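The structure under discussion appears below in the form of structure tokens.
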Amino acid sequence: MVKLAKLLSLPVNKAVEEFRMWKRTATARGRRLNRILCAAKTYNCSSAECERGFSAANNIVTPMRNRLSAKSLASLLFIDMNGPPAASFKPQNYVKSCILQGHHLSWAAKPGPSPLPNKPRPLWAIWDKISISKRLSRN
């Protein structure tokens with residue numbers, strides 16, 4: 001009752017007072033109470049749309065993706081519920097604009113110096129001799 005009164009920008013105290021009077025005396029409802037009851041009749045908390053939202057949230061938040069922020073989750077849910085079907089999404093324009101802005105593809109070579117190749121070290125030769133001698137002693 002209080003939440004609906006706030007959502008409808010009604011004075012909460014007067015709306016609650018009208019509700020109490022209506023419950024006690026069964027007299028005619030006041031205009032504030034009429035607005036709240038009308039809003040309550042149109043609010044269907046068990047609708048199929050609500051269930052689709054919970055199902056979409058369960059598909060997005062998985063054990064591997066359990067650290068999403070509320071903002072990220074809300075954005076992903078909005079896209080999932082209102083966005084185009086994945087089959088009709090054409091990402092080419094977005095990818096081109098991203099590359100033109102200087103972003104790199106995930107599999108592209110990283111900028112900066114390339115890693116040094118592994119050069120054989122003198123101690124590795126000793127290790128090879130030890131491992132060969134151990135193999136020979138087993139046979």
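Please treat every number below as a calculation from the coordinates, not as lab data. None of the values given here were measured: they were computed from a predicted structure. Here Cβ is always computed from backbone atoms with ideal geometry, including for glycine, and neighbour counts include all displayed protein chains.
From the phi of every residue in segment 63-71, what ³J(HN,Hα) in whole Hz does the Karplus formula 6.51 cos²θ - 1.76 cosθ + 1.60 yield, where θ is phi - 60° and glycine or proline is x?
x, 7, 10, 9, 10, 5, 6, 4, 5
Only counting other Cβ atoms within 10 Å, I'd like 14, 129 sorted with the fewest neighbours first.
Values: 14 13, 129 10.
Ordered by Cβ neighbours within 10 Å, fewest first: 129, 14.
Taking neighbour counts of Cβ atoms within 10 Å as a proxy for exposure, in what order, fewest first, do 21, 64, 81 appear? It would help to have the intermediate numbers written out before the result.
On the way: 21 15, 64 6, 81 12.
Going from least to most buried by this count: 64, 81, 21.
Give, rounded to the nearest 20 debye, the magnitude of the charge dipole that segment 48-100 has about its Cα centre when Lys and Arg contribute +1 at Cβ and Asp and Glu contribute -1 at Cβ. Don't jump to the answer; show the numbers that get you there.
On the way: 6 positive and 3 negative charges, 58 e Å.
Around 280 debye, computed over segment 48-100.
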